[in-house]
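Shown next, in structure tokens, is the structure this report addresses.
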Amino acid sequence: EKIFSEKTFENSPSERVLQQKTVGTSWESHPLQYNYAFNTTDEVKKYIATFDYTNLTANITLSGHHAVNTLQKNTIIDEDGGQTIEYKNSDDQIILIKKVISSTESADTYYVYNQYGQLAYIIPPLASAATMDDNVLNLLCYQFKYDKKNRVIEKKLPGKGWEFMVYDKSDHVIMTQDSSLR
């Protein structure tokens, strides 16, 4: 029985992991495989989120696709051959996690950041396949609003009302209020 794990690294200064084999002889022929690349044309939708601190309003719009070679594309193939593709921007923020179901189908979860670099929306697979409107946004998406100190002051989970948070001077949450309490 193989009692150690094994990693194969890229022959470059970055030394990224290319393959990882876990403990056990049966896993020798089923390694985790990693591939690194950049996005191609029309591969990743580009959502733009804006936030206004004066009236605490947030907006999201679909603005075509990310330009070619602007996102890092990391592909992970698990022991069973399932693929997960992760796209990150230049700020190392996750933009899209794509679970490949078949050669023509995938489940895409988008992460949208506002102009301040704060996570404003999480768009799950069912919502990313639909046309984005207020109904889809409120029923299927995660939404977050922040104060000027980068603290979440409002959040909305899918199918639920808005939840509000109040902080003390030490940035501890001292009160939460959901839509029922409101």
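The values are calculated or read from the model by the stated rules, or taken from the named source; none is laboratory data. What you see is a predicted model; the values in this text were computed from it and never measured. Note that each Cβ is placed from the backbone with ideal geometry, even for glycine, and that neighbours are counted across all protein chains shown. Keep in mind that these areas ignore ligands, DNA and RNA; they rest on the heavy atoms of the full protein, side chains included. Shrake-Rupley method; radii C 1.70, N 1.55, O 1.52, S 1.80 Å.
Would you grab the residues whose amide H sits under 5 Å from the one on LEU96? Only those 5+ places off in sequence or on another chain, please, with H modelled 1.01 Å from N.
Residues meeting the amide H criterion: TYR87, TYR111.
Report the relative contact order of region 101-182, percent, no decimals, based on alpha-carbon pairs under 8 angstrom and at least 6 residues apart.
Details: 124 pairs, mean separation 13.5, N = 82.
Answer for region 101-182 is 16 percent.
How long is region 103-182 along each principal axis, judged by its Cα atoms, biggest number first, in Å?
Between the extreme Cα coordinates on each principal axis of region 103-182 lie 51, 29, 19 Å.
May I ask you to give the solvent-accessible area per residue for the chain, in square angstrom, as obtained with a 1.4 angstrom probe?
62 Å²
Write down the Å³ per residue value for the convex hull defined by the alpha carbon atoms of region 21-117.
Spelled out: Cα convex hull of region 21-117, divided by residues, is 126 Å³.
Less than 19 Å from a label point 7 Å out along the Cα-to-Cβ axis of TYR53: which backbone N atoms in region 145-176 qualify, by residue?
145-155, 165-172
Of ASN74, ILE60, GLN19, which is farthest towards the positive pole of the chain's charge dipole, taken about the Cα centre with +1 and -1 on the beta-carbons of Lys, Arg and Asp, Glu respectively?
Result: ILE60, furthest along the dipole toward the positive end.
How much of the accessible area of the chain, probe 1.4 Å, is carbon plus sulfur, in whole percent?
Of the solvent-accessible surface of the chain, carbon and sulfur hold 51 percent.
Looking at TYR167, THR131, GLN143, which one has the Cα that reaches farthest to the positive end of the dipole of region 125-176 (charges on Cβ: Lys, Arg +1; Asp, Glu -1)?
TYR167
Using per-residue counts of other Cβ atoms within 10 Å, averaged over each peptide, order 11-23, 168-180, 56-68 from highest down.
Highest-to-lowest ranking by the protection proxy: 56-68, 11-23, 168-180.
What is the distance in Å between the Cα centroid of region 98-168 and that of region 68-85?
22 Å
Could you list, in their original order, any pairs among LYS46/LYS160; LYS45/LYS99; LYS2/LYS99; LYS99/LYS148 whose Cα atoms are separated by more than 23 Å?
Values: LYS46/LYS160 26 Å; LYS45/LYS99 15 Å; LYS2/LYS99 30 Å; LYS99/LYS148 35 Å.
From LYS46/LYS160; LYS45/LYS99; LYS2/LYS99; LYS99/LYS148, over 23 Å: LYS46/LYS160; LYS2/LYS99; LYS99/LYS148.
Given DSSP loops and a limit of at most 11 other Cβ atoms within 10 Å, what is the longest stretch of the chain that contains no such chymotrypsin sites (Phe, Trp or Tyr not before Pro)?
Longest gap between qualifying sites, sites excluded: 54-182.
So for region 1-136, averaging the separation of alpha carbon pairs under 8 Å that are six or more residues apart and normalising by length, what relative contact order in percent results? Intermediate values should be presented prior to the final figure.
Numbers: 259 pairs, mean separation 21.0, N = 136.
15 percent.
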